[in-house]
Amino acid sequence: SAASMCLQCIVLLVAVRRSVFDPASRQEFMCALLEGTTTLMRNKTGLSHSEACLHHLCRLLARIKNHFQLVDLTRPPQYRPWLEEFAKFTEGVLAAWKSVSVRSVHYLMRLWASLVLPTPYLQ
């Protein structure tokens, strides 16, 4: 579907090397990703009837953390709403475990691990 292809393209954009962006552009890009994925998770646009879209959103979420340092992610005001929405989104995915791909769940669990493990170093 077109929505699935769009999410795949965004996943690829997130994988672009950090050095391509100057610091201000990188921050702007990260904030846009946080806002956009927060909206997708909140509204569940296209996710209820497309397992491919759900899977690519899970991949996108995991890629955001791979691309940006946790210290950078936690700075902007968009982080807290993103984290709250991500927690709700994860609950919903896990509640529907019978109909969700194991690979999608794997991306979510990997993201949670990468968010939680370095937390003592942020303080």
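The values are calculated or read from the model by the stated rules, or taken from the named source; none is laboratory data. Bear in mind the structure is a predicted one, so any value in this text is a computation, not a measurement. Every residue, glycine as well, gets a Cβ built from its backbone with ideal geometry; the counts of neighbours run over all protein chains shown.
Take the residues in the range 89-123 that are at pLDDT below 90 and small (Gly, Ala, Ser); name whichever of them is surrounded by the most Cβ atoms within 10 Å (Cβ to Cβ).
Residue satisfying both the conditions and the ranking: Ser101.
If you check Thr45 against the conditions, is it hydroxyl-bearing (Ser, Thr, Tyr) and closer than 17 Å to Leu70 by Cα?
No: the conditions fail for Thr45.
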